[in-house]
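Colleague: Here it is, the structure, as structure tokens.
The values are calculated or read from the model by the stated rules, or taken from the named source; none is laboratory data. What you see is a predicted model; the values in this text were computed from it and never measured. Ideal geometry is used to build each Cβ from the backbone, glycine not excepted, and the neighbour counts take in all protein chains shown.
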Amino acid sequence: MTVIKIIFAGFGGQGIQTMGKLIAYAGLDSGLNVSWLPSYGPEMRGGTSNCSVILSNEEIGSPVVINADIVVAMNNPSLEKFENYIKSNGILIIDSELVRIQVKRQDITIFKIPAETLSLEVGDKRYANMVVLGSLIKVIKTLELESVIKSINIHVKEKYYTNNKLALEKGFNYIN
């Protein structure tokens, strides 16, 4: 791996920023150079939320991601906005239960994750972001699942650790 550029996007309250932070922390803990750039509207919940994360063995010149290797879209507006940010032969990961519109691109690999259903198996649909993050970890093959679990242990409140870990593993194991 030289550089991986990821955009996470969805509504505020879906854990978009948390996904970005956890992957960035795991990258740092793994010795990579990392950039995390959040962007969100003034609303607490329901507004737009996205962040860009760059993981690299090299120095990172800019935190801005235009040609993303991966886009994670957790709702229809996010897919509409960021689908064209994915480079040719890049990857799109969507929450298939919330993204109902068709993907227009033919030159990318698409992973459809039933995030709410899988998170309900953990006990609460609020863990959908962790399910998707687990799938992302499997897809990028850059970070070890254990390094992300370690980041959860360090950076998430202790009472949420077990379910976040289970949801992460659920998403990781969903991808073949």
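Colleague: State whether one or more residues within segment 81-97 are assigned to a loop (DSSP other than H, G, I, E, B) and of a type in the set (S, T, N, Q). Lay out the reasoning, then the answer.
Modeller: So in segment 81-97, the residues assigned to a loop (DSSP other than H, G, I, E, B) come out as 96-97.
Now drop any that are not of a type in the set (S, T, N, Q), which leaves 96.
The answer is yes; a qualifying residue exists.
Colleague: Given I70, I54, I66, I60, which one is at pLDDT 95 or above, closer than 22 Å to V34 by Cβ, surrounded by fewer than 21 Cβ atoms within 10 Å (Cβ to Cβ) and among the hydrophobic types (A, V, I, L, M, F, W, C)?
Modeller: I60
Colleague: Would you list the helices (runs of 4 or more DSSP H) that sit entirely within segment 99-176 and hold 2 or more residues that are modelled with pLDDT under 95, within 21 Å of S49 (Cα to Cα) and of a type outside the set (S, T, Y)? Before you say what the answer is, go through the steps one by one.
Modeller: Working: elements: 115-122, 128-140, 145-155, 158-174.
It comes to 145-155.
Colleague: Restricting attention to segment 31-79, which residues are closer than 19 Å to A115 by Cβ, under 17 Å from the mean Cα position of the chain (by Cα) and not β-branched (V, I, T)?
Modeller: The initial filter retains those residues of segment 31-79 that are closer than 19 Å to A115 by Cβ, namely 45-46, 48-51, 53, 70-79.
Subset that is under 17 Å from the mean Cα position of the chain (by Cα): 48-51, 53, 70-79.
Scanning segment 31-79 gives S49, N50, C51, A73, M74, N75, N76, P77, S78, L79.
Colleague: What number of residues within segment 51-64 satisfy the criterion of being assigned to a strand (DSSP E or B) and either of a type in the set (A, V, I, L, M, F, W, C) or in contact with a helix residue (DSSP H, G or I) (Cβ under 6 Å, 6 or more places away or on another chain) (or both)? Spell out how you get there, then give the answer.
Modeller: Kept after step one, since they are assigned to a strand (DSSP E or B), are these residues of segment 51-64: 51-56.
Still in the list and also either of a type in the set (A, V, I, L, M, F, W, C) or in contact with a helix residue (DSSP H, G or I) (Cβ under 6 Å, 6 or more places away or on another chain) (or both): 51, 53-55.
Of the residues in segment 51-64, 4 are assigned to a strand (DSSP E or B) and either of a type in the set (A, V, I, L, M, F, W, C) or in contact with a helix residue (DSSP H, G or I) (Cβ under 6 Å, 6 or more places away or on another chain) (or both).
Colleague: Moving on. Within segment 143-176, which residues are over 17 Å from the mean Cα position of the chain (by Cα) and under 21 Å from I110 (Cβ atoms)?
Modeller: N176
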